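K.L.:
Pasting in a structure now, in structure tokens, and then I'll have a few things to ask.
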Amino acid sequence: MTPALLTGSPTTAPADNGGSERTDRIVGLVQRQGALAVLVTVVLVALVAFPDFRSLDNTGTILVAAAPPMLIALGMTLVIITGGIDLSVGSLYVLGGVLAAWASRYGLVAALFVPLLVCGAIGLVNGVLIAYTRMAPFIVTLAALLGARGLMRAISDEGSTTYVVENDAFGRLGTGSLLGVGYQVWLAVALVLIGMLVLARTGFGQSVYAIGGSEDASALMGVAVRRTKILVYVCSGLLAGLAGAVNAARLGSGVTVLGAGMELDAIAAVVIGGTLLTGGAGSIAGTVAGVLLLGVIQNMINQVGDLNSNWQQVISGTFLAVVVVAQTVLNRLRRIS
Amino acid sequence: MTLLEVAGVSKSFPGVRALDDVSFTLRPGEVHALVGENGAGKSTLIKVLTGVYRPDSGELRHHGRPVSFAAPMDAQRAGISTIYQEVNLIPLMSVAQNLFLGREPRNRLGLIDRGRMEREARGILADYGVTTDVRRQLGTLPLGAQQMVALARAVMIDAQVVIMDEPTSSLEPREVQTLFGVIRRLHARGIGIVYVSHRMDELYEICDSVTILRDGRLVHTGRLADLERIELVSMMLGREMSQTRRQGFTAFAGDHTTDDAAPPVLRVTGLTSRTRLHDISFDVRPGEVVGLGGLLGAGRSETIKAIGGAYPLDAGTVEVDGTHLERPSTVRAVAAGIAVQPEDRKAEGIVAGLSVRDNIALAVLPRMSRLGIVSDAKIDAVVARYMTRLRIKASGPDQLVGDLSGGNQQKVLLARLLATRPKVLLLDEPTRGIDVGAKAEVQSLIDELAGEGLGVVLVSSDAEELVEGSDRVVVLRDGAVVGHLTGDRVTTEDLMAGIAAAAPSEDHT
């Protein structure tokens, strides 16, 4: 399912650049599958080292906990491939949760529809500003981060009012499961698969890569640059809102204190997954590996009883640094060849 | 029957009348050269033809009918495609994706059919002499192949008109011939081609007709075969023909007086770097211009970069004025008096977003400051001196370099190098992509600088420039020295012979 963007395999290549093509291929493979390889290694270590890690329960815990970050990172992958960044998603996640819990008194549809509407609209504003005024995504989405946080505080009276989920059907979305796997995991899996298909096999997906590769060239080649950018930020907003709603359903209330810094975790997962922060290349498969990797590390640290869970941040940070250095080295390798 | 036509078009920008009542006609199956100095209005005319600009007055006609393009996409939909000087594709996407972006073949579900896309891409590109794996990232292909992909893409969208803006500026001779083969096929299919180039040989080889612009006005249009080269050049320059003839094609005065007994200011010995450079040695004496000749990829730019400390070396030494440069680095090279003008002005030279003043001052900041505090007065003096000296045409020292013409950008770069008071000047394609007038000025400058005792190493793909500008030529091929031209043998014929003699076959290993 991974788009074959970074590959090159020799079929009819002239003999004299076979060597560089081989390097290309290996570099591409490491860039795309590096996170997966690390994930597999870490999981194997965990299986041996932590007896509890093996239990089905624990696997379920990891997956359920990873579902909301996965949704956010999915949107972030699209944004980063276009060469942008979306800092507002952490705030939108919290806002989405509070809105969902508040709206659940009006029924299931409202509980899902209100956060999506509001977060989607903020994503739309982000997208329109970025696409039409060519303002830096960093600044635009930083403004949205602050705005959404303010909105959430206003609704929750500075966080002193906690809305409780008052709709059983909505609550079951967060707690129920199918075939032993939580609904939100199924939702994340479905959206990831749709995301992969869209990115690899639709015109929109190609436009996302093209814009990140070269915005000017894309415009000259007839890519709808503005529309694509707007759509990408709308997707990111919608997914963050959805992630918040799903989380509220699981917790049974809109929690106002969690979620700060979620945007940075998402960016970390995307970059660890091999997507270039400069845009133009990357994959959702890599992001999935990145999200799971961060989740597994968290889980392992929780199992080491006497280790402060903040160490997870230190380890994630280290991973991120290693990946960025590795990316730089790999790119240089490719250029020299 | 005309394919594309502009009649009496004018276009003004604040302070400039870029096009003044210009008419231009393109017929089916015609290869039409569009020539003129930079600032003559070529780019503006192309942008009018492709819907980037709308003319202030005058009419654009497509198949005889008046049209108005609101955006480049409208022109593309009408069958007008443009190949830009710098390849405008997406380097990180695959060859096939670039070829089909926006027009990907779909399967029954409306999803992109990758298999078919790659098959079709292979078929199409084979026609253009590109036989690489179409799944490769475009950016990993040689520039020539990338240009072919751009061309294939342009033609694919049922183009009736293809506009090529200096398509050969980054191609090797062999690739140029492939390009010409493609142009001839397009010509046979009745596609009209607008061909913009500064290279006379190419124009006469491939073009049927010519339109010459100067200062935004139409100077001449007609069959190219009816026009002598010397007439073409003089019309572009607006000089008297006799004057052009007397001056030759370049502005170089001839040999420089060098003292053969003088010790070399630059001595390069045994430069070797992986597979790219093999045991390159030569000397440059003060006041001498030594040319590096050879084809693209012969190792000329690598040699320049290696001397400047910007290319990894496995072996070899560089001596300036008898002083050995230990472990070459750019900082050491600059300190020793080596100034390098890189080949890619935009990427490695000027800083487009800074002013003329700041660009010139960049390299001398350490010398212009005391205890880390920069002296503005000293910088202003240096900047003023070089702006006058090099005849830099800018509204003032504070104008952004990005807004200057290519020729003036190049002069700003030279000013920066000269401000460091170098002993050796390494020039890699100093006149590439700049207009004829500025070219002549840069060439006379090189002469003057050598006259003042600087040692100059000159790399130029323009054989005439190389031969007329250099006192001696070192011929390179595949990263090795294969010949020296001195005295009477510094001629284009001997240069070609030198390169050809060293190249028994086109095969690489």
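K.L.:
Can you pull out the strands (runs of 3 or more DSSP E) entirely within segment B:450-489 that have at least 1 residues that are crowded, with 24+ Cβ neighbours inside 10 Å?
P.N.:
Filter on segment B:450-489 gives B:455-459, B:472-477.
K.L.:
For B:Thr131, only one of the following conditions fails: (1) within 25 Å of B:Leu171 (Cβ to Cβ); (2) assigned to a strand (DSSP E or B). What is its number?
P.N.:
In the conditions (1) within 25 Å of B:Leu171 (Cβ to Cβ); (2) assigned to a strand (DSSP E or B), B:Thr131 misses (2) alone.
K.L.:
A:Val198: in contact with a helix residue (DSSP H, G or I) (Cβ under 6 Å, 6 or more places away or on another chain), part of a helix (DSSP H, G or I) and of a type outside the set (Gly, Ala, Ser), yes or no? Before the answer, list the steps.
P.N.:
Values: in contact with a helix residue (DSSP H, G or I) (Cβ under 6 Å, 6 or more places away or on another chain): yes; part of a helix (DSSP H, G or I): yes; of a type outside the set (Gly, Ala, Ser): yes.
Considered against the rule, which asks whether it is in contact with a helix residue (DSSP H, G or I) (Cβ under 6 Å, 6 or more places away or on another chain), part of a helix (DSSP H, G or I) and of a type outside the set (Gly, Ala, Ser), A:Val198 comes out as yes.
K.L.:
Yes or no: segment A:264-275 includes at least one residue that is within 14 Å of chain B (Cβ to nearest Cβ), under 16 Å from the mean Cα position of the chain (by Cα) and of a type outside the set (Lys, Arg).
P.N.:
We begin by selecting, within segment A:264-275, every residue within 14 Å of chain B (Cβ to nearest Cβ); these are A:274-275.
Those left that are additionally under 16 Å from the mean Cα position of the chain (by Cα): A:274-275.
Pick out the ones that are also of a type outside the set (Lys, Arg) and you get A:274-275.
Yes: segment A:264-275 contains one or more residues that are within 14 Å of chain B (Cβ to nearest Cβ), under 16 Å from the mean Cα position of the chain (by Cα) and of a type outside the set (Lys, Arg).
K.L.:
How many of the residues in segment A:192-207 are more than 11 Å from chain B (Cβ to nearest Cβ) and crowded, with 19+ Cβ neighbours inside 10 Å?
P.N.:
3
K.L.:
Filter segment A:208-221 down to the residues that are facing another protein chain (nearest Cβ under 7 Å) and of a type in the set (A, V, I, L, M), then identify the one that is nearest to A:Leu239 (Cα to Cα).
P.N.:
Among those residues, the one meeting the criterion is A:Ala210.
K.L.:
Please list, ordered by residue number, the strands (runs of 3 or more DSSP E) wholly in segment B:48-126 having 2 or more residues that are in the same structural domain as B:Ile157 (by TED's automatic domain parsing), in contact (Cβ under 8 Å) with a residue 12 or more places away in the chain and out of contact with any His (no Cβ under 8 Å at 6 or more places or on another chain).
P.N.:
Output list reads B:57-62, B:80-83.
K.L.:
Kindly provide the set of residues from segment B:271-290 that are crowded, with 17+ Cβ neighbours inside 10 Å and in a loop (DSSP other than H, G, I, E, B), ordered by number.
P.N.:
Within segment B:271-290, B:Arg276, B:Arg285, B:Pro286, B:Gly287, B:Glu288 meet the criteria.
K.L.:
What number of residues within segment B:405-444 satisfy the criterion of being part of a helix (DSSP H, G or I), out of contact with any Ser or Thr (no Cβ under 9 Å at 6 or more places or on another chain) and more than 24 Å from B:Leu365 (Cα to Cα)?
P.N.:
Number of matching residues: 5.
K.L.:
Given the conditions (1) surrounded by 18 or more Cβ atoms within 10 Å (Cβ to Cβ); (2) more than 10 Å from chain A (Cβ to nearest Cβ); (3) in contact with a Ser or Thr (Cβ under 8 Å, 6 or more places away or on another chain), report the number of the one that B:Lys42 does not fulfil.
P.N.:
Here B:Lys42 meets the rest and fails (3).
K.L.:
Being within 8 Å of chain A (Cβ to nearest Cβ) and not hydrophobic (A, V, I, L, M, F, W, C) is the filter here; which residues of segment B:99-109 pass it? Walk me through how you get there before you give the answer.
P.N.:
Step one: filter segment B:99-109 for residues within 8 Å of chain A (Cβ to nearest Cβ), giving B:101-102, B:104.
Once the filter is applied, which keeps residues that are within 8 Å of chain A (Cβ to nearest Cβ) and not hydrophobic (A, V, I, L, M, F, W, C), segment B:99-109 yields B:Gly102, B:Glu104.
K.L.:
If I filter segment B:90-97 for residues that are away from chain A (no Cβ under 13 Å) and either surrounded by fewer than 20 Cβ atoms within 10 Å (Cβ to Cβ) or under 30 Å from the mean Cα position of the chain (by Cα) (or both), do I get at least one hit?
P.N.:
Within segment B:90-97, the first condition is being away from chain A (no Cβ under 13 Å), and the residues that meet it are none.
No - not one qualifying residue is present in segment B:90-97.
K.L.:
Tell me which residues, restricted to segment A:183-209, are among the aliphatic types (A, V, I, L, M), free of Cβ contacts under 8 Å to residues at least 24 places away in the same chain and closer than 21 Å to A:Tyr132 by Cα.
P.N.:
Of everything in segment A:183-209, nothing turns out to be among the aliphatic types (A, V, I, L, M), free of Cβ contacts under 8 Å to residues at least 24 places away in the same chain and closer than 21 Å to A:Tyr132 by Cα.
K.L.:
Which of (1) touching a Pro at 6+ places or on another chain (Cβ under 9 Å); (2) under 25 Å from A:Ala248 (Cα atoms) is the odd one out, the single condition A:Gly123 does not satisfy?
P.N.:
For A:Gly123, the failing item is (1).
K.L.:
Let me ask something else about it. What residue, among those in segment B:142-169 that are in a loop (DSSP other than H, G, I, E, B) and free of Cβ contacts under 8 Å to residues at least 40 places away in the same chain, is surrounded by the fewest Cβ atoms within 10 Å (Cβ to Cβ)?
P.N.:
B:Pro142
K.L.:
Being assigned by TED's automatic domain parsing to the domain that holds B:Leu227 and either in a strand (DSSP E or B) or touching a Gly at 6+ places or on another chain (Cβ under 7 Å) (or both) narrows it down to one of B:Thr25, B:Thr44, so name that one.
P.N.:
B:Thr25
K.L.:
Can you find a residue that is assigned to a strand (DSSP E or B) and more than 25 Å from the chain's Cα centre (by Cα) anywhere in segment B:334-343?
P.N.:
No, the conditions are met nowhere in segment B:334-343.
K.L.:
Suppose we filter A:Thr328, A:Thr287, A:Thr318 for residues that are surrounded by fewer than 23 Cβ atoms within 10 Å (Cβ to Cβ), modelled with pLDDT of 75 or more and hydroxyl-bearing (Ser, Thr, Tyr); which single one remains?
P.N.:
Selected residue: A:Thr318, the only one of A:Thr328, A:Thr287, A:Thr318 that is surrounded by fewer than 23 Cβ atoms within 10 Å (Cβ to Cβ), modelled with pLDDT of 75 or more and hydroxyl-bearing (Ser, Thr, Tyr).
K.L.:
Among the listed residues B:Gly407, B:Gly402, which satisfies the condition of being in contact with a Gly (Cβ under 8 Å, 6 or more places away or on another chain) and either of a type in the set (Ser, Thr, Tyr) or surrounded by fewer than 21 Cβ atoms within 10 Å (Cβ to Cβ) (or both)?
P.N.:
Result: B:Gly402 is the single residue among B:Gly407, B:Gly402 that is in contact with a Gly (Cβ under 8 Å, 6 or more places away or on another chain) and either of a type in the set (Ser, Thr, Tyr) or surrounded by fewer than 21 Cβ atoms within 10 Å (Cβ to Cβ) (or both).
The values are calculated or read from the model by the stated rules, or taken from the named source; none is laboratory data. Values in this document were obtained by computation on a predicted structure and should not be read as measured data. All Cβ positions, even for glycine, are placed from backbone atoms using ideal geometry, and neighbour counts span all protein chains on display.
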